[in-house]
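A.B. asks: Take this structure, written in structure tokens, and hold onto it; I'll ask about it next.
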Amino acid sequence: MSDPRPSAEPLLLAQVDALAAVAETGSIGAAAERLFVTQPAVTARIQALEAALGARLLVRTSSGSHLTDAGRTFLPYAQRARAALATGREQVAEIASGAAGRLAIGAAPAVSTYVLPAVLHHFQESHPRVQLAVRAGHSEEVLQMVLREEIELGLMRPISHPDLTSVLLYTDELVLVVHRGHPFALAGTVRMAQLSTEHLILFDRTSSYHELTSSLVRQAGIAPRGTIEVDNIDAAKRMLEQRLGIALLPRTSVQMEIGTARLVPVVVADLPPISRQIVVARRRDAGAPTPAAAAFLAILDEMRPGSDRAGSLLA
């Protein structure tokens with residue numbers, strides 16, 4: 001008979017599996033076949049479990065092996081432990097494959113508003129069990145989120161930092177847009193000097209786009225008829241639709257309005273193409289991306305402008 005005092009030896013999963021197999025099959029021999037081990041191995045595992053618990057769990061009779069009262073009491077806990085471990089194994093496998101887990105992303109305003117939604121839609125369709133956390137902020141703020149490890153991926157304009165590594169995602173062109181009934185829309189092409197007759201709509205004073213637009217106007221030596229400053233790109237577009245002025249906006253932000261002819265792009269003949277790069281940034285010491293991040297990056301790479309599915313990113 002087993003020593004009634006429990007030992008300090010830990011309970012092992014193989015021992016618990018052996019007890020459950022005997023309880024389900026009714027014999028040591030059948031349990032051994034199920035577990036692909038010998039009968040002495042099953043007996044040894046159960047004896048070790050009895051020693052660890054300080055109680056006899058099985059009694060062998062001519063008709064087979066049966067649980068004792070202690071065995072029947074312990075069995076539900078053993079079954080729950082086995083189920084919990086199986087679930088844990090499945091969860092880890094899902095995380096390792098990128099099918100589950102958590103992904104934290106940060107994005108600059110124009111990216112989070114006009115580019116990220118379509119990407120997230122495709123990602124969630126293929127990875128519905130991944131828990132997403134998305135934060136928006138100006139590129140300087142996104143940079144700090146990455147450095148503080150609050151997010152794993154930052155979608156932002158390039159900012160040099162020794163602890164950061166980045167890969168080009170796409171290049172966004174700055175385009176002059178007007179209401180479809182505006183004289184510039186009818187002409188199709190204008191010169192910088194002609195902008196002085198218009199109200200220039202600017203957005204988000206803290207944005208790099210605000211400084212870029214203001215700098216272009218100063219360098220051209222022109223003074224617009226007036227300026228209208230609003231909080232964000234959407235507000236600027238509403239002003240344009242009310243024929244209150246003209247604006248230089250990222251093409252990704254007006255793709256839909258241009259496609260439906262609500263707004264019209266105008267070529268500025270004496271202004272060289274102006275563009276802004278958007279990169280995916282990570283901490284340099286972060287190591288390989290998590291499986292969820294790797295899956296997200298694969299979708300980004302598939303959808304970014306310049307790839308075969310460039311249109312999908314801007315849909």
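A.B. asks: Multiply the residue separation of Glu229 and Arg191 by 0.36 nm, subtract the distance between their alpha-carbon atoms, and state the gained length in nm to one decimal.
C.D. replies: 11.4 nm
A.B. asks: Whole number please: convex hull volume per residue, Cα atoms of the chain, in Å³.
C.D. replies: Taking the convex hull of the Cα positions in the chain, it is 188 Å³ per residue.
A.B. asks: List the GluC sites (Glu not before Pro) within region 114-173 that fall in a DSSP loop (any state other than H, G, I, E or B) and whose Cβ has at most 11 other Cβ atoms within 10 Å.
C.D. replies: Numbers: sites: Glu125, Glu140, Glu141, Glu149, Glu150, Glu152, Glu173; in loops: Glu149, Glu150, Glu152.
Within region 114-173, the qualifying GluC sites (Glu not before Pro) (loop, at most 11 other Cβ atoms within 10 Å) are Glu149.
A.B. asks: Ok, one more. How high is the relative contact order of the chain, in percent, with contacts defined as C-alpha pairs under 8 Å that are six or more residues apart?
C.D. replies: That works out to 20 percent.
A.B. asks: Enumerate by residue number the trypsin sites (Lys or Arg not before Pro) in region 85-186 meeting two conditions: DSSP loop (anything except H, G, I, E, B), and at most 13 other Cβ atoms within 10 Å of the site's Cβ.
C.D. replies: Arg148
A.B. asks: In whole Hz, with x marking every Gly and Pro, tabulate ³J(HN,Hα) for region 200-209 from phi via Karplus 6.51 cos²θ - 1.76 cosθ + 1.60, θ = phi - 60°.
C.D. replies: Working through the residues one at a time gives 9, 8, 10, 10, 6, 4, 8, 7, 5, 5 Hz.
A.B. asks: Rounded to the nearest 0.05, what FRET efficiency is calculated for Arg102 and Arg284 with R0 set to 22 Å and r the Cβ-Cβ distance?
C.D. replies: Once rounded, the FRET efficiency stands at 0.55.
A.B. asks: In whole percent, and with a 1.4 Å probe on the protein chains, what portion of the accessible area of region 255-301 is carbon and sulfur?
C.D. replies: 61 percent
A.B. asks: Now, a different point. For the chain, what does the accessible surface come to per residue with a 1.4 Å probe? Please give it in Å².
C.D. replies: Computed with neighbouring chains in place, this is 52 Å² per residue.
A.B. asks: Given a Förster radius of 22 Å and the C-beta distance between Arg262 and Leu212 as r, what FRET efficiency does 1/(1 + (r/R0)^6) yield to the nearest 0.05?
C.D. replies: It comes to 0.35.
A.B. asks: Here's a follow-up. Using helices alone, what [θ] at 222 nm do you get for the chain, with -39,500 (n - 2.57) per DSSP H run of 4 or more residues, divided over all residues and rounded to the nearest 500?
C.D. replies: Mean residue ellipticity at 222 nm (helix-derived): -14000 deg cm²/dmol.
A.B. asks: Leaving ligands, DNA and RNA out of it, report the carbon-plus-sulfur percent of the accessible area of region 53-194 at a 1.4 Å probe.
C.D. replies: 54 percent
A.B. asks: 7 Å from Cα along Cα→Cβ at both Gln144 and Ser63: what's the point-to-point distance in nm?
C.D. replies: 7.5 nm
The values are calculated or read from the model by the stated rules, or taken from the named source; none is laboratory data. This one's a predicted model, so the numbers in the text were calculated from it and none came from an experiment. When we count neighbours, we look across all protein chains shown, and the Cβ atoms used for this are built from the backbone with ideal geometry, even at glycine. Each accessible area value is taken on the protein alone, full model and side chains, heavy atoms only, with ligands, DNA and RNA left out. Shrake-Rupley method; radii C 1.70, N 1.55, O 1.52, S 1.80 Å.
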